[in-house]
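The values are calculated or read from the model by the stated rules, or taken from the named source; none is laboratory data. Here the structure is a predicted model, which means the values were calculated and not measured. Counting neighbours? That spans all protein chains shown, and the Cβs are built from the backbone with ideal geometry, glycine included. We work out accessible area using only protein heavy atoms, side chains counted, and drop any ligands, DNA or RNA first. Shrake-Rupley method; radii C 1.70, N 1.55, O 1.52, S 1.80 Å.
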Amino acid sequence: RGHRLRSALSLLGVAIGDRGLVSSAERDVRASLRGDVRKAQAESENLRAQLDEQNKFLQEAYPLMVGSRLIGERVGVVTLGDVSDQEIGNVRDALEATGGRLTSVVSIRTPLDLPAISTAAAGTAFQNLQVEPKLVKRFGERVGVGYVSGGGRLLDKVHRELLASSSGALGGVDSVVVIREPRTFQKPEQSVLNDFEDGLMTGLSNNNGTVVGVET
């Protein structure tokens, strides 16, 4: 038994100490890794070619699919939070072949400044908005209805406190594109914003208006 153990240890020592065997294993690993990289590169190039073909098809087919589908349609863009000019430009470009007109862009300031909005809303049902959070959802709905119909007393009163910026007409649209900033706030502020957004979507959809959400 001792002889067999010594022989096994001797063989193991030769295997461990054999630089040739180790070098061979390293070469095999390197070769395998190079093969994996070449395979991954080939797959990436194939996928990129497929994507290029898809984009080319979409660019050529898009005008045919949407051409004149929105003739005379007044389209507004409502952004929640900071949204880039490029995203607004993308909406404008998408409308170009449809016959629709981008007539209004408004950016809602987030998080909502409830004290300022409450002060501006004096004389309305929302003058206590700051201390009665249950009113926030209803407030959002009224803002949405006012935007679609074209202003309204409430939106006229609070638009400076509610909106970070606006261009074009303050509402009076047939369809609305909503772009939401991909950012969350602390729980109290986010809860208020969620309630407002829920109400806003309801108001924008008033009278069966078309409301779509987009993202890059």
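What to note about this one:
- Förster radius 35 Å - calculated FRET efficiency between residue 184 and residue 65, Cβ distance, rounded to 0.05: 0.50
- Where only alpha carbons of the stretch 139-216 are counted, the Rg and the Dmax (Å): 12.6, 34
- About the Cα centre, charge dipole magnitude for the stretch 160-201 (Lys/Arg +1, Asp/Glu -1 at Cβ), debye: 160
- Theoretical FRET efficiency, 1/(1+(r/R0)^6), r = Cβ-Cβ of residue 47 and residue 92, R0 22 Å, to 0.05: 0.15
- Build a GNM of the chain with springs between Cα atoms under 10 Å apart, and of 29, 91, 75 the one that fluctuates most is 29.
- Förster radius 45 Å - calculated FRET efficiency between residue 58 and residue 116 (Cβ-Cβ, nearest 0.05): 0.55
- Couplings for the stretch 89-94, taken from phi via the Karplus curve 6.51 cos²θ - 1.76 cosθ + 1.60 with θ = phi - 60°, read x, 4, 5, 4, 5, 5 Hz in order; Gly and Pro are left as x.
- Cut-off 12 Å, label 7 Å out along Cα→Cβ of residue 164, residues of the stretch 75-92 by amide N: 79-85
- Residues whose placed amide H lies under 5 Å from that of residue 210, excluding near-sequence neighbours: 176
- Apolar share of the accessible surface for the chain: 52 percent from carbon plus sulfur atoms, 1.4 Å probe.
- The convex hull of the Cα atoms of the chain, projected and averaged over all directions, covers 22.9 nm².
- Rounded to 5, percent antiparallel among DSSP beta bridges of the chain: 20
- In the context of the full set of protein chains, the chain has a per residue accessible area of 64 Å² (1.4 Å probe).
- Set of lysines with alpha-carbon distance to residue 157 below 19 Å, sequence-local pairs under 8 removed: 137
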